[in-house]
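Presented below is the structure to which this report refers.
The values are calculated or read from the model by the stated rules, or taken from the named source; none is laboratory data. What you see is a predicted model, and the numbers here were worked out from it, not measured in a lab. For neighbour counting, all protein chains shown are included, and Cβ atoms are generated from backbone atoms with ideal geometry for every residue, glycine included. Each accessible area value is taken on the protein alone, full model and side chains, heavy atoms only, with ligands, DNA and RNA left out. Shrake-Rupley method; radii C 1.70, N 1.55, O 1.52, S 1.80 Å.
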Amino acid sequence: MSLDGERFVPVIVLDDPARAVPLAEALRRGGIRCAEITLRTAAGLDAIAAIRDLPDFTVGAGTVLTPDDVDRVADAGGRFVVSPGLAEDVVERARARSLDVVPGIATATEVQRAVRLGLDRLKLFPAAPLGGLATIRALAGPFPDVRFLPSGGISAANAADYLSSPHVFAVSGSWMATRELIAAGDFAAIEQLSRAAVEAVAS
Ligand code: 3PG
C-alpha cells in the first residue's frame, strides 16, 4: 500500500500548481515523504501531476468525493485517495484503479460498514471535535483490527500523543504546510515545521 510506513500525511490546499514541486521538496527535506493534495482547489490535479514522479515521495489526493474524482486522481498520477466520509463507489473505483484508499468515518456504524468492505485503515474525521484519542480507543474495542488516521485538529502539540497509540497508523493535518505558508512561498517554514513534527515523534 502506498501509505505504508508514512506517519504524517500533510493535507494540502494549494492555489497555484507551480508551488507543488517546492512544497513537496520542503516536506521531503523535513522528513515527510507524502502529501495529500486536496481537490478543493482547481490546482489540485495539476499539482499532483507535477510531483507524481518526485523520488522518495508519494502523492495522493484528498477530498475525493466521487468515482469520477478517483479517475481524475489516477490519471494525474496520484497513488492514494482520502475522503472525508465513506462512499462505497469511491472505494470500489479506487480499488479498480489500484489506488490506496482511506475513507473517513465518524461513527461506529460507519466503521462497521467500512470493515464489511474489507477496509482496515480509516480516517477519523474530524478527529478533535469527535473526541480524539478517547474516541479512537473506544472504537478499537469492537474493531481491534482497524487502525486510524486522525485528521482535523491535529497539531504539533498533540501529534506525538496520537502516534503513540497502536490504533493510529499516521496523523493527518495542515499545520506543517498551511494554505497561507504555501501561498507565501515560505518553504523554509514548511521544512522546519515538518522536521519539528518528525523529531517530536522520534524523541
Ligand atoms: C482537513 O480536511 O482539512 C483536514 O482534516 C485537516 O484539518 P486541519 O486543518 O485541522 O489540520
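Quick notes on this structure:
- A count restricted to segment 136-161 and to residues that are in contact with a Lys or Arg (Cβ under 8 Å, 6 or more places away or on another chain) and more than 12 Å from the ligand (Cβ to nearest atom) stands at 3.
- Residue within segment 63-73 that is closer than 20 Å to G131 by Cα, modelled with pLDDT of 95 or more and in a loop (DSSP other than H, G, I, E, B) present: no
- Leading residue by the ranking (farthest from G78 (Cα to Cα)) among those in segment 51-64 that are crowded, with 22+ Cβ neighbours inside 10 Å and aliphatic (A, V, I, L, M): V64
- Close pairs (9 angstrom Cβ cut-off, 6 or more residues apart or separate chains): among the polar types (S, T, N, Q) in segment 2-13, in a strand (DSSP E or B) anywhere: S2/C34; S2/T58; S2/G60; S2/F80; S2/D100
- Residue check for A18: of a type in the set (A, V, I, L, M), surrounded by fewer than 21 Cβ atoms within 10 Å (Cβ to Cβ) and farther than 23 Å from L122 by Cβ: yes
- Taken over segment 23-39, the criterion of being away from the ligand (no atom under 12 Å from the Cβ) and either open to solvent by 10 Å² or more (accessible area, probe 1.4 Å) or in a loop (DSSP other than H, G, I, E, B) (or both) is satisfied by E25, R28, R29, G30, G31, I32, R33.
- Close pairs (6 angstrom Cβ cut-off, 6 or more residues apart or separate chains): closer than 18 Å to D120 by Cβ and within 14 Å of the ligand (Cβ to nearest atom) in segment 162-177, open to solvent by 10 Å² or more (accessible area, probe 1.4 Å) and among the hydroxyl-bearing types (S, T, Y) anywhere: V171/Y162
- Some residue of segment 66-77 being touching a residue at least 60 places away in the same chain (Cβ under 8 Å), out of contact with any Ser or Thr (no Cβ under 9 Å at 6 or more places or on another chain) and either within 26 Å of P166 (Cα to Cα) or surrounded by fewer than 21 Cβ atoms within 10 Å (Cβ to Cβ) (or both): no
- Sole exception among (1) within 16 Å of the ligand (Cβ to nearest atom); (2) in a helix (DSSP H, G or I); (3) over 19 Å from T58 (Cβ atoms); (4) over 15 Å from the mean Cα position of the chain (by Cα) for I190, by number: (3)
- Test: residue in segment 20-39 that is free of Cβ contacts under 8 Å to residues at least 24 places away in the same chain and on the phi < 0 side of the Ramachandran plot: no
- Matching residues, segment 118-130, being of a type outside the set (F, W, Y) and either more than 15 Å from the ligand (Cβ to nearest atom) or in contact (Cβ under 8 Å) with a residue 40 or more places away in the chain (or both): G118, L119, D120, R121, K123
- Selected residue (criterion: surrounded by the most Cβ atoms within 10 Å (Cβ to Cβ)) from residues of segment 178-187 that are of a type outside the set (D, E) and away from the ligand (no atom under 11 Å from the Cβ): I182
- Of the strands (runs of 3 or more DSSP E) contained entirely in segment 78-165, those carrying at least 1 residues that are open to solvent by 60 Å² or more (accessible area, probe 1.4 Å) fall at 147-150.
- For beta carbons closer than 8 Å, sequence separation of 6+ or different chains, a first residue in segment 187-203 that is hydroxyl-bearing (S, T, Y) and a second that is not in a helix (DSSP H, G or I), the qualifying pairs are S194/F8; S194/P10; S194/G30; S194/G31; S194/I32; S194/M176; S194/A177.
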